[in-house]
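Structure record follows, encoded as C-alpha cells.
We did not get these values from a lab; they are worked out from the coordinates using the rules stated. Just so we're clear, the structure is a prediction, and the values are computed from it rather than from any experiment. Cβ coordinates were reconstructed from backbone atoms using ideal geometry, including for glycine residues, and neighbour counts include every protein chain displayed.
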Amino acid sequence: MTIATHIPVVGSRPPRPDGADKVTGRARYGADFSLPGMVWGAVLRSPHAHARILGIDTSAARAMPGVLAIVTAEDMAESFSADVAAGESHVDMQDLSRNVLAREKVLYHGHAVAAVAATTQRLAKEALRAIRVDYEELPAVLDIDAALHPDAPVLHPGMFTRGLPETPSKPSNLASRLVMQKGDLEQGFAESEVIMQRTYTCASAHQGYIEPHACLASAGADGQIDIWCCTQGHFAVRSYTAALLGIEPASIRVTATEIGGGFGGKTTVYLEPLAVALSRKSGRPVKMQMSREDVFRATGPGSATRITVKVGAKRDGTLIAMDALMEYEAGAFKGSPAGAGAMTIFTAYAAPHQRAVALDIVVNKPKVAAYRAPGAPQAAHATECLLNELAAELGIDPLELRFRNATRNGTPTVYGATLRDIGLQECLEAARAHPHWSAPLAAHQGRGVAVGFWFNHGAQSSASVHLVEGGKILLQEGTPDIGGSRASMALMAADTLGIPYTDIHPMVADTASVGYNDMTGGSRVTYATGYAVVEACRDLIASLRARAAAVWGVDPARVEWKDGTATDIEDSTHVLGLSALAALSGRMEGPLSGQGAVNLKSAAPSFSVNIADVEVDPDTGASKVLRFTAIQDAGRAIHPDFVEGQLQGGAVQGIGWALNEEYRFDAKGVLENPGFLDYRMPVASDLPMIDTVIVEVPWPDHPFGVRGVGETPICAPMAAVASALNAAAGTAIRDLPLSPPRVLSAILAKG
Amino acid sequence: MAVRAYRAPRSIPEAVSLLASEPGAFALSGGTDLLVQQRSGARDPGAFIDLKRIPGMLGIEEQAACWRIGASTPCVDIASHAGLRREFPGLVEAAGLIGSKQVQGRASLGGNLCNASPAADSVPALVVNRASLLISGPQGERRIAAECLTLGPGRTVLGSGEFLSAVEIPRAAVRQADAYLRFIPRTEMDIAVVGAAAALQLDAEGRCTAARIALGAVAPTVLTVPEADAVLIGTHLDTDAVAACVAIAQSACNPISDRRGTAEFRRHVAGVLLRRVIAIAAQRAAQGV
Amino acid sequence: MAIHVHSTINGQAAEFLCEPDASALDVLRDTLGLTGSKEGCNSGDCGSCSVLLDGSLVCACLVLGAELEGRELLTIEGVAAGSELHPLQQKLLEHNALQCGICIPGIVIAAKALLDRDPSPDETTVRFALAGNLCRCTGYDKIIRAVLDAAATMRDSAGAHA
C-alpha cells in the first residue's frame, strides 16, 4: 500500500475553517443568539462624571407591566476571597464589581447604576426612565494635572499611592508609582555629550471593534447558568461572573460566540454579570446588547498619556542614558498599563542606563481596558519620535541611529528578563533593504521610521483532539478566535499528525467542554494554545501507536507514526491510517483522544520596524498616508496571510490613533464624540495598501518556532506617521492626534 | 413622545393634511438625518410622514428654463446624472459628497436642506446656482430662494403642514460653471468642517461677468457675501482680485469652535477652499460648458 | 400600532408586523431571524447593516421596516446561490481577507453594488465605494485586493460567455 507523503502545511495559506459562514452571514456573533421566552435587559447610566449615590428607588419601575427584574449593586457580592487571576494581570474584584454596577459613587458619565429586564427593548428603556436615583454631584477630575493637583477632589478615599518611598498620609488620585531601572542614570547623563528632553502626549483612543458588547444569559431553576457572549476569554467571563455574583464557577457554562473584534477591549465583563443576575431574578433568558454610544461612553478605551523622555548620547549617536516619566490615565479605577509601557519604552535599545517611572492616575472617565499591546504604543510614540528628533539634530540617518543602538541577545531589560533569540537586527536590515526606504519623496512629503516591541505572553491553554469515525480529527481548543487562530491550530495539528489540513475540524469549545484556558490576548494563542494543540496531537499519536501495536499484537516500540499512518518497522504489511483505526475502536479499547495543557512561563518577544510616508497640505493641515511598510519578526508564520493581516490591521489602528482618533470630553466630563461619525477611524479611502515583510527568527521554545504577532503591529505606527508628518510639514508636533487644526496651527506658527 | 404612526401619503394634499394634523408629524425623506436624531432624542417625532410615494417627489427633469429635482430624489441619482453634471458639476459633486454610498442611496436635497445643518453639503452649491425651492402647504405652493429656507441650525421657515416638494435650478448659460469643495479630516464619512461653493460666468474674453460665492459651516446658516462677489466682476479673476474676494469673505465668516474644528481653523480654511473653488469654476467656465 | 408590511426579501415574499419606528435592520434581525446583517452603530456610520433596497445600496438601520412595503431587499443571506458562493465571497476567502468577519456581510453587499454598476473599478474607486464600510481588523488591504480580483474574475467569465 502506498502511503501519501504529507506535505507540510504550516506556512501555507488555506482558507480558514470559519470563513464560509462569515462570508454568507451564517456565523453567529454575540447579538445573534435568541432563546424562547427571552426578555431584554437595559442599563441605567450615570448622568454625572462624579457623584455620590444617595439612594436608588426602583419601585415605580418595578411596578410597570412587562418589567420582570431590576438589579443594583445590592445584588452583587459584597466581598471576594482573592483577586481573580486573568489575562496578563490580576483583577481587583472590588473595583470590577463597582465598574459593573456603581456602589457608593458614580465615577464617570455613563457609569452603570442599575439594570432592568423587560419583555421588550422599548419597555426596558421606559423602565430605566422610571428609576429614581438621588445623586450628590461632586467636582470632576478630567485630566492628569487636575488629578495630581494637591487640592484635587479624590475619587477613592481609600487610595493611598503604592510604590512611594513612604506611604502617604492622605489619599490621592495617584494609584501607584512604579520604577523600573538598570544601570546608573546620573553617571549615564554625566557621560553624555548631548542631552535631549521632550514631552509627548497621546489622547485616549478606543479599540474600535465594530461589534458592540452583547450577551444572552439563561439561569435554570437548578442554578445552572448558560451564557453566550462575544468575549476574548470565556473562562474569564465565568470566573468574573461567578465571583461578582457569589456563584460556583462550575455552575456557569460560557460559550464564546464569534466575536466582531476585541483588541483587548473584550477581556473584561460589562453586561454578562447583569444579564445573569437579571435572568436569575426573572426566571427568563435575558439578552443584552450595548449601543454604539454606550460602547464609547462606558467601556474601556486605551489610556491618554503624557510621557517625558530624556535621552543622553554621544555625538556619534550612541545612546547612553534613557529616562522617562510616564503619566497614564487609568480612568475611574486604578489599572492603566503604565507598567507595561515602562517595560517596553526603552527595551529596543542597548543604552546601559535606563529608567522608567510609571504613574497610574485615576480620573473621572471610563475605566481603561487593554488595547493591543497596552501601554506600549504611547511609549513607543515618545521614544521613537525623540530618537528621530535626535537623529535630525545630530545629522545621523534615523535608521542608522537604530542600528547603532539596537539591543542584542543577552541584554538585560529594565524588567529583569534577559533578551534572547530576538529578531530586531533582522527587522532593521529588512527595512534598510526595502525599496520603500530609498524611494524618492516630493515636496510636502516626509518619511518616518520607528521601532516597535512587545514582550508577548504565554500562560495557560488546554486542547483536546478526538479521532472521529471516518478518520477525521475534532480539535477542541478554548481561546476565542479573533484573528484566524482556528486555521493556525489546524495547520499545526495537520503537520504534527501528518494529515491534510482539511481533515482537522477545529472549534473553540465552551467552558464545560474543554480544559481551562487563559484568555485570547497577549499575542499568546498561536504560541501557547498552539503549543497545547501540538501536545494534544503528540498525546494522541502515542495512543495511536499503542493502539496499532495492540491491533498487530506487537511491541509498541516497533510502531512509527508518519504521514498520518502507523507502520511497523519490522513488518511492512502492517499499515493503519486514521480511518481504519477509528473503525477498529469499537473492537479495541475504545475511542482515541489526546490532551494537551500548558502554562508557558516564557514568551517570545517580538520586534517591528515601520516606515511611513505622509503628505501634508500646508494650506489646510490635511494629511495623507502615501505609503506604509510594516516589518515584523513572527518567529515562524504558521499562516502568512493571517500574520500579514495582523501587521496591516495593527498598522491602521496606529495610523488612526496618530491622525484623527481621540476621546473628546467637555468640561463636565461628558464624551463629545461617542459615535463613528466624530470618533474618526480610518476608512478604506484614507489608506494605501499596507506592505508587509515577515521576518522569521524562530523562537526555539515552541515546536514550530512561533512568536506572538498580534500586538507588536500597533506599537510603531504612531511614531512613524508622526515623524513623517512633521518631516513633511517642517513642524515638531508632539501631541496626538495630528488632526488638521493642530497641524495647521503648527504650520502657521512657524511662519 | 413615542412614534405612534407611519404614513405614506400618495398625493401632495394628503401629505399636507397629515403634516398639519398628525401630532408630532415629521416629514420623512431619506431619513438619514431624521432617524438618527429620533434615536438620539435630538428630534422627537410623533409620526413619520413618508413623502417618497408622492408622484413628483422623486426624479430629475430637464425643462427649458430649469432643472427640476424632486425633493426626495436620492443623492445617488443626482450624482450619477450626466445631464446635471454637465451643467452643474459643482452641485452634482456636492450631492455626491453627502455621507457614504449607503447614505447616498437615501439622502435627498430636501432632507439636506430642511435638516438645516450649517454644514449641509448641498446648500452652498444650490445657493450659488440660484436654486429656488418649491414648498407645498395648506395655502398651496410657494417658491423661495434656497438661501431663504434656513433660520438657524435646525430651524426653517416651513410652517405647519408645509414641506419641500422640489428644487429648481435655472439652466446654466454658456461659460457659466460652478464648483464645490469641502474640508473634512478623513477622505469620506465626515461632516463638512467648511464648505465653499462658487458659480462664475465669463464672457468670450474670459472676463467675469457674474459671480456668486457661498460658504457652509462658517455661520449659523449658509453664508453669501455679495461684497465679495462684487470684487470679482469685470476682472480676469487674477490673483489680486481673488485675494480681495477671499479676504472679504473671510471677514464675513462667523464660525464656531466645536469637536470638528476651531473657529480660527474654519476661517483660514474657508479662504483656502474659496480660492480653490474660484479657480476650478473659472477653469470650467472657460472651457465653455 | 403595528404596521402590516408585505415585502420581498432575497427573492421570497416576506410578511411581517412592525412598529412605526422599527428599522429594517430591527425587522431583519429580531422579527425575521436574518441575523447576517449586523448592528455596529445604528446610525449609518459603519455600513455593517448594508443591504440592497430595490438594487440600491443602503444601510438597513436607516430604512424603516414600514418603508419596505412593496419593495425588494437583498441581504447577505441572499447573495450566494445555495452553496455556490458569489465570486466576491469566494475571493474574500481565497485572499484570507477577513479576520473577525463582522464587517464582511456589509462589505460583500457594498462591493456587489459597486460591481453591479461598474465591472472595472480601479483601486481608488473600490476604496471610495467601500468608504462607508468600517473594518477595524484588516486595514482594508486584503479586502480591496479580493474585490479587485473578484471583479477581474467576473469580467473574465462574462467575456467567456460573450
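Here are the numbers for this structure:
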quantity	calculated
Rh (Kirkwood; distinct C-alpha pairs) - chain A, Å	27.3
Residues A:H444, A:H457 arranged by fewest to most Cβ contacts within 10 Å	A:H444, A:H457
Mean projected area in nm² (Cα convex hull; one quarter of hull surface) for chain B	14.3
Region A:9-93: chymotrypsin sites (Phe, Trp or Tyr not before Pro) in DSSP coil with no more than 16 other Cβ atoms inside 10 Å	A:F80
Most to least packed among A:580-589, A:9-18 [average Cβ atoms within 10 Å]	A:9-18, A:580-589
Cysteines without a disulfide-compatible neighbour (Cβ-Cβ under 4.7 Å), chain A	A:C202, A:C230, A:C385, A:C427, A:C537, A:C715
Test item: B:269-278 mean partner chain Cβ contacts at 10 Å	2
Whole-angstrom gap from region A:698-751 to region A:416-447, using each part's C-alpha centre	13
Under 28 Å from the Cα of C:K91 - lysines, other chains or at least 8 residues apart	A:K22, A:K472, B:K101, C:K38, C:K112, C:K142
Region C:10-99: trypsin sites (Lys or Arg not before Pro) in DSSP coil with no more than 14 other Cβ atoms inside 10 Å	none
For the protein assembly as shown, size of Cβ-based charge dipole, Lys and Arg +1, Asp and Glu -1, in debye	1180
Theoretical ellipticity at 222 nm over chain C - DSSP helices of four or more residues, -39500 (n - 2.57) apiece, nearest 500	-9500 deg cm²/dmol
Protection proxy ranking, peptides A:179-187, A:300-308, average beta carbon neighbours within 10 Å, highest first	A:300-308, A:179-187
Amide proton proximity set for A:H353, modelled H, under 5 Å, gap of 5+	A:M322
Qualifying lysines (Cα of each under 22 Å from Cα of A:K668; at least 8 residues distant if same chain)	A:K105, A:K334, A:K365, A:K367
Ranking of A:I7, B:I78 by count of other Cβ atoms within 10 Å, fewest first	A:I7, B:I78
Candidate lysines - alpha carbon under 24 Å from A:K182, same-chain residues fewer than 8 apart omitted	A:K310, A:K314, A:K601
Chain B, helix-only ellipticity at 222 nm - DSSP H runs n ≥ 4, -39,500 (n - 2.57), divided by all residues, nearest 500	-9500 deg cm²/dmol
Residue order, fewest to most beta carbons within 10 Å, for A:F189, A:F263	A:F189, A:F263
Computed [θ] at 222 nm, helices only, for chain A once each DSSP H run of length n ≥ 4 contributes -39500 (n - 2.57)	-8000 deg cm²/dmol
Assigned charges on the beta-carbon of Lys, Arg, Asp, Glu; region A:664-751 dipole about Cα centre (debye)	400
Shielding by other protein chains, B:116-128, mean Cβ within 10 Å	0
For region B:5-49, alpha-carbon Rg relative to the globular expectation (2.2 N^0.38 Å, N residues)	1.12
Ratio of Rg to Rh over region C:3-78 (Cα coordinates, Kirkwood Rh, two decimals)	0.91
Shielding by partners - mean other protein chain Cβ count within 10 Å, residues of B:179-191	6
